[in-house]
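For reference, the structure I am asking about is given below.
The values are calculated or read from the model by the stated rules, or taken from the named source; none is laboratory data. As the structure is a computational prediction, the values presented were derived from the model and not from experiment. Don't worry about glycine lacking a Cβ; one is built from the backbone with ideal geometry, like all the others, and counts go over all protein chains shown.
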Amino acid sequence: MADDLVLTINDPRGAFKARIKNIPRSEFTTPFLLSLHIYFEAINLDDAKDVAEDLLANCLNMLAFTTGTSFRKHRIRQIVDAEPSSGAMKDVLMWGELIQYEDPQPFLREENATSIERLLEFDVPPAIRRALRWYRLGIGAAAPDDQFTYFWFALEIVAEYQKPTAKVHDKCPHCKSALYCEKCEKHPEHKPYAKQAIRALMLAADEKCDDATVDLLDKTRNSLMHGSTLREIEGTLPDPHESVVDTLGRILWKALVRQFPKEMFDGALVGVPSTYVHYKANAVAHVQTVVPSDEEGHFALEFGGFKMTMESFGPPQSALPSVLRMTHEQYDRLRKLSYSKSDQQEVLNRIKQRVQEQDDHIYALVLATDMSLIQQALDKKEEGEWQDLFRETLNGSNPSG
């Protein structure tokens, strides 16, 4: 309600104390955020991160529950040792500033539009459209737990939609043979249950899927639906535990493909990513510094501390890079030019860093923006050492995406 208002939440059991305050913004290009400090007990700074994540989730849950609006974690900036000490210096784990931008994945081409038009020839049933929606939401979900849950929703919808009407036998939980009723003198039959339909769908959709995989995914689903997280059950999952998301995602994708007429495909199916999980890298530093406190002894909520930044390899890219083939002599010239001051020293330095030797040649990766700049210079017939180098290189090898 006011930028100088500090809300304090004291856990009745003494597990934590949280203090929340606005972070005022003078410009609207940056997001409006809350500053949240949580005080709690931990064995050391490294273990404190996991404790902080759980406590932060608890705070976010209760904030959303009591207000009916959305809250989400922006980032953990630092963890400070709050233990009283005689000195002013504090141990701090400090996270790097988030990278300024993330380049898109440049893969859309004419084949994608053609494939979509081909698939749209089929009148997709409403149930499969709903499954496709959950598949899309699963791809975009930030947390692996949410991804797995959304993928499972989609799988259940497909399984129920194509569930066979033929009755099946109940099976013995040990030997898996059909159960027999001595009084009725017959094997009881019923329409397939949901889990039976899902199992049948997974086994039919993916030839690499076996009973062990189905059981693993089913147990993971049960754990998530009953309140556990993937991290909590990681001891029962393959390493890394997030891989179950990729396993389920690939099976679901193949199950969705089976819902389209076979004649719509020529056998070359492309659409499964190498991973569905969204991995991000960050840098963490352990430093000692002075952390200012307010009159009540709490760490100042507006304290910014030091800033540790992560820089991108180059300017933002929306297109694929190119590959240039060089001789060893040409690459040596490139290296020397990258150390000489020039208007394009950064470009030359970037090209020098990403190279690979093969077949007695040097192959250099050139960012799309750098290649555009080089081409413009050559088209203008500019003179200079680096222009001559790329004039020779481009004449000797066609840049390939």
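Going through F107, F153 one at a time, which residue ends up being among the aromatic types (F, W, Y) and in a loop (DSSP other than H, G, I, E, B)?
Exactly one of F107, F153 is among the aromatic types (F, W, Y) and in a loop (DSSP other than H, G, I, E, B), namely F107.
Additional query: Taking the stated definitions as given, is E117 exposed (fewer than 10 other Cβ atoms within 10 Å of the Cβ) and either among the basic types (K, R) or modelled with pLDDT of 75 or more (or both)? Full working, then the answer.
Values: exposed (fewer than 10 other Cβ atoms within 10 Å of the Cβ): yes; either among the basic types (K, R) or modelled with pLDDT of 75 or more (or both): yes.
Considered against the rule, which asks whether it is exposed (fewer than 10 other Cβ atoms within 10 Å of the Cβ) and either among the basic types (K, R) or modelled with pLDDT of 75 or more (or both), E117 comes out as yes.
Please verify whether region 212-231 includes one or more residues that are over 25 Å from the mean Cα position of the chain (by Cα) and either modelled with pLDDT under 80 or assigned to a loop (DSSP other than H, G, I, E, B) (or both).
Looking for residues that are over 25 Å from the mean Cα position of the chain (by Cα) and either modelled with pLDDT under 80 or assigned to a loop (DSSP other than H, G, I, E, B) (or both), one finds none in region 212-231, hence no.
Can you pull out every residue in region 334-343 that is under 20 Å from E357 (Cβ atoms) and either touching a residue at least 24 places away in the same chain (Cβ under 8 Å) or assigned to a loop (DSSP other than H, G, I, E, B) (or both)? Write out each step before concluding.
Taking region 334-343 first, the residues under 20 Å from E357 (Cβ atoms) are 334-338.
Across region 334-343, the qualifying residues are L334, L337.
Another question, if that's okay. Residue check, I362 against (1) touching a residue at least 40 places away in the same chain (Cβ under 8 Å); (2) among the β-branched types (V, I, T); (3) touching a strand residue (DSSP E or B) at 6+ places or on another chain (Cβ under 7 Å), all met but one. Which one?
The single condition I362 does not satisfy is (1).
Residues to consider are P84, P104, P125; find the one that is over 30 Å from I38 (Cα atoms), more than 25 Å from the chain's Cα centre (by Cα) and not aliphatic (A, V, I, L, M).
Checking each option against the conditions leaves just P125.
With the condition kept exactly as written, say whether any residue in region 80-94 is surrounded by 15 or more Cβ atoms within 10 Å (Cβ to Cβ) and either free of Cβ contacts under 8 Å to residues at least 24 places away in the same chain or in a helix (DSSP H, G or I) (or both). Explain how you work it out, then say what you get.
In the first step, residues of region 80-94 are kept if they are surrounded by 15 or more Cβ atoms within 10 Å (Cβ to Cβ); the result is 80-82, 90-94.
Add one more test, that the residue is either free of Cβ contacts under 8 Å to residues at least 24 places away in the same chain or in a helix (DSSP H, G or I) (or both), and what stays is none.
Among the residues of region 80-94, not one is surrounded by 15 or more Cβ atoms within 10 Å (Cβ to Cβ) and either free of Cβ contacts under 8 Å to residues at least 24 places away in the same chain or in a helix (DSSP H, G or I) (or both), which makes the answer no.
Kindly indicate whether any position in region 320-333 is touching a residue at least 24 places away in the same chain (Cβ under 8 Å), assigned to a loop (DSSP other than H, G, I, E, B) and more than 34 Å from the chain's Cα centre (by Cα).
yes
Return a yes/no flag: does region 24-32 have any residue that is hydrophobic (A, V, I, L, M, F, W, C) and either under 25 Å from G297 (Cα atoms) or at pLDDT 90 or above (or both).
no
Residues are listed down the side, and each one gets a yes or a no for (1) of a type outside the set (S, T, Y); (2) in a loop (DSSP other than H, G, I, E, B); (3) assigned by TED's automatic domain parsing to the domain that holds R231; (4) free of Cβ contacts under 8 Å to residues at least 60 places away in the same chain:
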| residue | (1), (2), (3), (4) |
| --- | --- |
| P31 | yes, yes, no, yes |
| S35 | no, no, no, no |
| A42 | yes, yes, no, yes |
| K49 | yes, no, no, yes |
| L56 | yes, no, no, yes |
| M62 | yes, no, no, yes |
| T66 | no, no, no, yes |
| T69 | no, yes, no, yes |
| H74 | yes, yes, no, yes |
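Another question, if that's okay. So, T30, is that one exposed (fewer than 14 other Cβ atoms within 10 Å of the Cβ) and either under 23 Å from A281 (Cα atoms) or within 30 Å of the chain's Cα centre (by Cα) (or both) or not?
Against the criterion (exposed (fewer than 14 other Cβ atoms within 10 Å of the Cβ) and either under 23 Å from A281 (Cα atoms) or within 30 Å of the chain's Cα centre (by Cα) (or both)), T30 qualifies.
A further question on this structure: Search region 109-129 for residues that are of a type outside the set (F, W, Y) and pair each with any residue that is surrounded by 13 or more Cβ atoms within 10 Å (Cβ to Cβ) when their beta-carbon atoms are under 7 Å apart and the residues are at least 6 apart or on different chains.
So the pair list comes out as L119/F260; P125/Y161; A127/I157; A127/Y161; I128/V158; I128/Y161; I128/Q259.
Starting from residues that are assigned to a loop (DSSP other than H, G, I, E, B) and over 29 Å from the mean Cα position of the chain (by Cα), keep the ones in region 261-280 and report whichever is modelled with the highest pLDDT.
P261
When you scan region 164-211, how many residues do you find that are modelled with pLDDT under 85, in a loop (DSSP other than H, G, I, E, B) and either of a type in the set (A, V, I, L, M) or buried (at least 17 other Cβ atoms within 10 Å of the Cβ) (or both)?
So the count comes out to 3.
Looking at F260, F265, which is the one that is of a type in the set (F, W, Y) and without any contact (Cβ under 8 Å) to a residue 40 or more places away in the chain?
Numbers: F260 fails: without any contact (Cβ under 8 Å) to a residue 40 or more places away in the chain.
That would be F265, the only listed residue that is of a type in the set (F, W, Y) and without any contact (Cβ under 8 Å) to a residue 40 or more places away in the chain.
Could I ask something else about it? Do you know which residues across region 138-163 are surrounded by fewer than 16 Cβ atoms within 10 Å (Cβ to Cβ) and free of Cβ contacts under 8 Å to residues at least 40 places away in the same chain?
G140, A143, D146, E160
Let me ask something else. Give region 281-299 a look and list any residue that's at pLDDT 80 or above, within 30 Å of H241 (Cβ to Cβ) and assigned to a loop (DSSP other than H, G, I, E, B), or say none.
A283
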